[in-house]
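Written below as structure tokens is the structure these notes are about.
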Amino acid sequence: MDIDKELLLIKEKDGFKKDFSVLISMMDYARFTTLADLKDVTQEEIDYRYGGEFNSIAMLLAHLAAIEKVFQKLTFEEMNDDEINNYADTLEPAVGLGAEAFTIKGKPVEFYLEELASIRKITKEKFASLDESWLYRETDWWFERKGNNFFKWFHVFEDEINHRGQIRLIRKLYAKEKET
């Protein structure tokens, strides 16, 4: 895996304002580590569900893509709660990862990686066009509290980090099951 020489530096990036550069630096590192954890993954591993009832790697990758799409709509288009919920419904079963998400299978890892890359490209293009004040725009958010766009995008890669941990666990459980 090719490692960007500036991967471990949180600093200004060409084409981005300072605060967007900070955010993108963290998002890029989170994505790099997710991709590293998918090295040499097999189709069987992608679709494997521990005990036949837990999330698969395919489900988690589809979820990461869907969540970033939702947050693009939420923050770039400033949809209201009803609009964003209706849009999120169009991305099911990947958003909610309920029982219906068990149908997410059979596609190679490259399918998910290409989707994640194309969605991230849109995010970065939009970030490059925005003023930094956009990051600090506050709206009603969770728990009857305000949230700003910076936090919302932090949540996108924080969600990825959490699910990356699940991907690591799934791969370990798969390997252990294959040993027995």
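All of the numbers you see were taken from the coordinates with simple rules; none came from a lab. Treat the numbers as computed from the prediction; the structure is a model and nothing was measured. Here Cβ is always computed from backbone atoms with ideal geometry, including for glycine, and neighbour counts include all displayed protein chains.
The string of couplings for segment 110-126 from the Karplus curve (6.51, -1.76, 1.60, θ = phi - 60°) is 4, 4, 5, 5, 5, 5, 4, 5, 5, 5, 5, 4, 4, 4, 5, 4, 5 Hz, one whole number per residue in order, with x for Gly and Pro.
With θ taken as phi - 60° and the Karplus curve 6.51 cos²θ - 1.76 cosθ + 1.60 applied, the whole-hertz 3J(HN,Hα) list for segment 92-97 is 6, x, 5, 5, x, 6 Hz, x standing for glycine and proline.
Can you give the direction-averaged projected area of the convex hull of the alpha-carbon atoms in segment 124-173, in nm²? Mind showing how you got there, number by number?
Numbers: hull surface 19.1 nm².
Averaged projected hull area, Cα only: 4.8 nm².
The Cα atoms of segment 93-163 define a convex hull whose projected area, averaged across directions, is 6.3 nm². Under a 5 Å amide H cut-off, with hydrogens placed 1.01 Å from N, W141 pairs with K146, G147 among residues at least 5 apart or on other chains.
Using only alpha carbon pairs under 8 Å that are at least six residues apart, calculate the relative contact order of the chain and give it in whole percent. 30 percent.
Which whole-number percent of Cα pairs in segment 15-107 have a distance greater than 21 Å? Numbers along the way, then the final one.
Numbers: 1971 of 4278 pairs.
Cα-Cα pairs in segment 15-107 separated by more than 21 Å: 46 percent.
Comparing G165, G15, G51 in a Gaussian network model of the chain, where Cα atoms under 10 Å apart are tied by springs, the biggest mean-square fluctuation is seen for G51.
Which FRET efficiency value, to the nearest 0.05, is calculated for K172 and E92 with the Förster distance at 30 angstrom and r the Cβ-Cβ distance?
Numbers: r = 28 Å, r/R0 = 0.95.
E between K172 and E92, to the nearest 0.05, is 0.60.
Mind ordering 121-129, 56-64, 36-44 by average Cβ neighbours within 10 Å, highest first? Intermediate results must be reported in sequence, preceding the final value.
Numbers: 121-129: 14.4, 56-64: 24.6, 36-44: 12.2.
Ranking the peptides 121-129, 56-64, 36-44 by packing returns 56-64, 121-129, 36-44.
With each label modelled as a point 7 angstrom along the Cα→C-beta vector, the D159-K146 pair spans 2.4 nm.
Shape summary: the chain maps onto an equivalent ellipsoid whose semi-axes, from the alpha-carbon gyration tensor, are 29, 21, 13 Å in decreasing order. Angle of helix 81-90 to the longest C-alpha principal axis of the chain, folded into 0 to 90 degrees and rounded to 10: 30°.
When the square roots of the Cα gyration tensor eigenvalues are ordered a ≥ b ≥ c, the ratio a/c for segment 44-88 is 1.5 or more and a/b exceeds b/c, which makes its shape prolate.
Can you flag which of K18/K39; K126/K146; K124/K152 are past 20 Å Cα-Cα? Numbers along the way, then the final one.
On the way: K18/K39 32 Å; K126/K146 23 Å; K124/K152 15 Å.
With Cα atoms farther than 20 Å apart: K18/K39; K126/K146.
Distant-in-sequence amide contacts of K17, defined by a placed amide H-H separation under 5 Å and a gap of 5 or more residues or a different chain, comprise nothing.
Given R₀ = 35 Å, what would the calculated FRET efficiency be for E138 paired with K107, taking r from the Cβ atoms and rounding to 0.05? Kindly include the intermediate steps, with their values, before the conclusion.
Details: r = 38 Å, r/R0 = 1.10.
With a Förster radius of 35 Å, E is 0.35.
The alpha carbons of segment 57-126 give a radius of gyration and a Dmax of 12.4, 35 Å, in that order.
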